[in-house]
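One structure is given below, encoded as structure tokens.
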């Protein structure tokens, strides 16, 4: 069966936090959840854009300021959400940047790694205890097929201080999203309520490519009708990962078409590197040290 929004169950009574929800994939994810009855929080850097996006969605929608390039902002956003919501059913780690020129976040992290991975790592850790008591709650983190392209976790130069490749840095951040999901799921399994799932949108027509070099951007624009799918279709893997009752913790959802570029969402496999337990454990420890955030779920011991 081809899974579409029509297969999404009602979400009445559920609270969903979607990062980067004022445009593109995040907007379509938030819209889909709100139209099925969820109370949706658009967690966005620009609250004015967030308010304009909220006005375009039918349903219970609010806006929370969140700048993933600043751990101070991440902590403030988590505090604001905790003060407003006694529980969270869905945390959708969607926001991201791609192929940026060499830049650093306010905390000195390489922009793509700091935004795509470390910001979401910190936000999840700060909110997780609001999800743990909620049966059926989920953390969905959006990765990319880019996690396969020249991608590795460069522990010897995580912040790309010695040299910089915008493509490899993006690949590292998206590989980190998957490794975070898999390690988080192992830690959550003992609790039996919350699950961690990953998704990717294939190649979707969004403004994420704005930092792509000019020649490649022109090529993408020319090939858009052939290679890409609309943002609403690109959001389907995330929506399925968040709402389908058959989803299992630790699964990864993407389009079912050729090379996972477009199509209907189904479980897919990530790269062999993404399943490396040793690297997952090391990345988790490094991420805790860099963000200062400790999770309320501990590591799985060998005896367990």
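The values are calculated or read from the model by the stated rules, or taken from the named source; none is laboratory data. These numbers come from a predicted model, not from an experiment. Methodologically, a virtual Cβ is constructed for each residue, glycine included, from the backbone with ideal geometry; neighbour enumeration extends over all protein chains shown.
Structure values in brief
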read-out	value
Qualifying position, being touching a helix residue (DSSP H, G or I) at 6+ places or on another chain (Cβ under 9 Å), more than 15 Å from residue 126 (Cα to Cα) and surrounded by fewer than 18 Cβ atoms within 10 Å (Cβ to Cβ), among 7, 11	7
Count - residues of segment 46-63 that are surrounded by fewer than 21 Cβ atoms within 10 Å (Cβ to Cβ) and either assigned to a helix (DSSP H, G or I) or touching a residue at least 40 places away in the same chain (Cβ under 8 Å) (or both)	6
Selection within segment 18-40 - crowded, with 21+ Cβ neighbours inside 10 Å, touching a helix residue (DSSP H, G or I) at 6+ places or on another chain (Cβ under 7 Å) and farther than 23 Å from residue 246 by Cβ	19, 20, 21, 22, 24, 27
Residue match in segment 99-118 (condition: under 16 Å from residue 199 (Cα atoms) and modelled with pLDDT of 95 or more)	yes
Top-ranked residue in segment 261-279 [being in a helix (DSSP H, G or I) and over 17 Å from the mean Cα position of the chain (by Cα); ranked as farthest from residue 122 (Cα to Cα)]	272
Residue that is surrounded by the fewest Cβ atoms within 10 Å (Cβ to Cβ) [pool: residues in segment 85-118 that are in a helix (DSSP H, G or I) and touching a strand residue (DSSP E or B) at 6+ places or on another chain (Cβ under 8 Å)]	111
Exclusive hit being more than 25 Å from residue 279 (Cβ to Cβ), at pLDDT 90 or above and buried (at least 17 other Cβ atoms within 10 Å of the Cβ), set 239, 175, 184, 188	239
Candidate set: segment 149-183, residues that are outside any loop (DSSP other than H, G, I, E, B) and over 23 Å from residue 250 (Cα atoms); chosen: the one nearest to the chain's Cα centre (by Cα)	169
Condition check for residue 285: at pLDDT below 95 and either exposed (fewer than 13 other Cβ atoms within 10 Å of the Cβ) or in contact with a strand residue (DSSP E or B) (Cβ under 6 Å, 6 or more places away or on another chain) (or both)	no
Answer residue from segment 249-260, given it is over 17 Å from the mean Cα position of the chain (by Cα) and assigned to a loop (DSSP other than H, G, I, E, B) and is surrounded by the fewest Cβ atoms within 10 Å (Cβ to Cβ) among those	257
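Conditions tested, residue by residue: (1) within 21 Å of residue 152 (Cβ to Cβ); (2) modelled with pLDDT of 95 or more.
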site	(1), (2)
203	no, no
206	no, no
244	no, yes
252	yes, yes
271	yes, yes
281	yes, yes
293	no, yes
